[in-house]
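Notes follow the structure.
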Amino acid sequence: MIQHYLPSGLATPYLISEWAIRIVMLFFVPTRRTPQAAQAWLLLIFFLPIPGLILYAAIGRPRFPHWRTERFQRLAPFFGGVATALREAGAVAEGDEAAALAGRLGALAATQGNGIEFLADYDGTIARMVEDIDAARESVRILIYILADDETGNRVIDALRRAAARGIRCHVLIDAFGSHRWSRRVLRKLNKSGVDARKALPFRLVHRRTRNDMRNHRKLITIDGRIGYAGSQNIVDKAFRPGIVNRELVARLTGPIVAEMDAVIVGDWYLETEEMLPTAPVPAPAGEAVLQLLPSGADYPLEGFETLLVWQVHRAERRVIVTTPYFVPDQDVLGAMRTAVARGVEVDLIVSTVADQKLVSLAQRSYFDSLLAAGVTIWRYRDLLLHAKNVGIDGRLAMLGSSNVDLRSFQLNDEASLILFDAESVGRLEAIQRAAIDESDRLTLEQWRARPRAQKMLESLARLVSPLL
């Protein structure tokens with residue numbers, strides 16, 4: 001105990017302060033966190049009251065400050081105007097209950113008449129983006145978690161330079177945390193070239209947010225308000241972490257859905273700058289896909305992606321496929337998956353053998369035993385880090401985007417998920433999921449329980465702190 005090393009006159013006040021912190025936080029923490037997170041925080045504070053209090057003050061409350069909430073509320077008429085424009089253009093689809101729920105969660109409707117192309121070639125996706133930026137006539141807008149000035153990033157930066165030189169209005173918003181290694185150089189290059197580039201969620205001493213590691217994890221690009229990109233891929237070399245190569249999945253989109261993507265970018269730009277960018281008319285129909293964008297994050301009253309995911313797993317009748325690089329769920333997700341198996345639904349979880357975040361990987365593996373025992377099939381993707389994030393439900397609904405199946409994506413990160421409703425689009429995505437299974441190794445319960453005891457202990461410790469990640 002620290003008090004044993006303090007002067008005799010300070011030991012008693014220190015002990016009293018420790019117990020005061022424990023008692024006060026016992027009542028304070030549970031009112032502001034999920035049960036799992038509250039348990040983790042209280043455990044930390046019980047053993048380390050003062051360090052725990054300091055850490056909680058820094059990252060313990062997953063909410064934005066009052067000024068940010070007010071600014072987000074001022075966007076309501078803007079999103080209402082986007083909804084009106086989509087209806088007047090005849091672009092709103094007659095969706096089912098899932099579309100209605102997603103609309104209430106994210107304020108955007110299901111749209112019809114869209115074109116969708118799935119891009120899984122990492123470098124090929126970048127080349128396609130550059131081609132579209134070079135063909136831009138009016139605007140380029142990029143909202144991205146990581147934009148680096150490495151070889152891959154410079155290809156996009158150079159395309160933005162060329163666009164700005166032609167008089168195209170270019171706006172780029174990069175996450176301050178995700179891009180911190182490159183942000184100073186990237187912003188200098190872009191702004192010097194006439195591109196308006198800013199940081200999302202920068203650290204501020206004044207008007208600071210209540211948790212300094214909250215992130216804008218969305219990955220959305222729109223060009224001329226007619227072409228859009230959504231998915232999991234950042235703008236950085238696919239092997240930007242030594243020894244790890246990323247594999248991604250991106251959707252290139254045309255049609256009315258691009259108006260929703262553009263609206264989310266415009267909204268995030270306003271939250272950071274209080275500047276409203278102009279919006280383009282709703283694009284004309286470009287295909288038969290029925291799509292909906294679901295934005296989620298701490299600005300919204302409910303965890304949008306998680307809420308829809310849990311409800312759809314509970315409604316599944318035949319098969320659920322979940323692909324995610326980071327699987328650190330809460331009890332709602334775990335319960336939905338186990339219940340689905342008990343009802344006779346085939347549940348497949350695709351994760352990567354390759355790990356780029358050791359603590360998260362340990363926490364993820366701590367859930368495998370109970371999932372395997374319940375009958376969930378776990379597939380471990382070989383060789384590459386499968387960074388793609390997607391879900392398929394019964395061949396009738398699918399989701400892809402930036403959201404992981406973890407507590408951070410559920411509660412802290414700003415995310416964007418594309419929902420697919422038409423059978424053709426869903427089928428094409430599920431074919432990609434089946435191909436990923438073919439490139440994976442199935443994990444059995446017997447294999448898993450034979451792992452070393454030291455590994456089990458590390459996983460258990462990581463699970464204790466997983467709500468704090």
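The values are calculated or read from the model by the stated rules, or taken from the named source; none is laboratory data. Keep in mind that this is a model prediction, so the values were computed, not measured. As a convention, Cβ positions derive from the backbone with ideal geometry for all residues, glycine included, and neighbour counts pool all protein chains shown. Note: accessible area is taken over every heavy atom of the protein model, side chains too, but ligands, DNA and RNA are not part of it. Shrake-Rupley method; radii C 1.70, N 1.55, O 1.52, S 1.80 Å.
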Next on the checklist: So residue 331 passes all but one of these: (1) touching a strand residue (DSSP E or B) at 6+ places or on another chain (Cβ under 6 Å); (2) open to solvent by 10 Å² or more (accessible area, probe 1.4 Å). Which condition number does it fail?
Outcome noted: (1)
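Scan segment 167-177 for residues that are open to solvent by 10 Å² or more (accessible area, probe 1.4 Å) and in contact (Cβ under 8 Å) with a residue 24 or more places away in the chain and jot them down.
Passing the criteria: 168, 169, 171, 176, 177.
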Next on the checklist: Exactly one of these conditions fails for residue 438: (1) over 21 Å from the mean Cα position of the chain (by Cα); (2) open to solvent by 70 Å² or more (accessible area, probe 1.4 Å); (3) over 30 Å from residue 289 (Cβ atoms). Give me its number.
Outcome noted: (3)
Checklist entry - Among the residues of segment 375-384, is any open to solvent by 10 Å² or more (accessible area, probe 1.4 Å), of a type in the set (Gly, Ala, Ser) and at pLDDT 95 or above? => result yes
Checklist entry - For segment 135-178, which residues satisfy the criterion of being of a type in the set (S, T, N, Q) and either under 21 Å from the mean Cα position of the chain (by Cα) or assigned to a helix (DSSP H, G or I) (or both)? => result 152, 154
Checklist entry - Residues of segment 142-164 being of a type outside the set (Val, Ile, Thr) and either open to solvent by less than 10 Å² (accessible area, probe 1.4 Å) or touching a Gly at 6+ places or on another chain (Cβ under 7 Å) (or both), which ones? => result 143, 145, 147, 148, 153, 159, 160, 163, 164
Next on the checklist: Which count do you get for residues in segment 71-81 that are in a helix (DSSP H, G or I) and over 23 Å from the mean Cα position of the chain (by Cα)?
Outcome noted: 4
Next on the checklist: Any residue at all in segment 254-275 that's open to solvent by 10 Å² or more (accessible area, probe 1.4 Å), aromatic (Phe, Trp, Tyr) and under 29 Å from residue 87 (Cβ atoms)?
Outcome noted: yes
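Do we have residue 346 as over 26 Å from residue 293 (Cα atoms), charged (D, E, K, R), modelled with pLDDT of 95 or more and open to solvent by 20 Å² or more (accessible area, probe 1.4 Å) here?
yes
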Checklist entry - Scanning for something under 15 Å from the mean Cα position of the chain (by Cα), of a type in the set (S, T, N, Q) and either more than 17 Å from residue 95 (Cβ to Cβ) or outside any loop (DSSP other than H, G, I, E, B) (or both), does segment 296-306 turn up at least one residue? => result yes
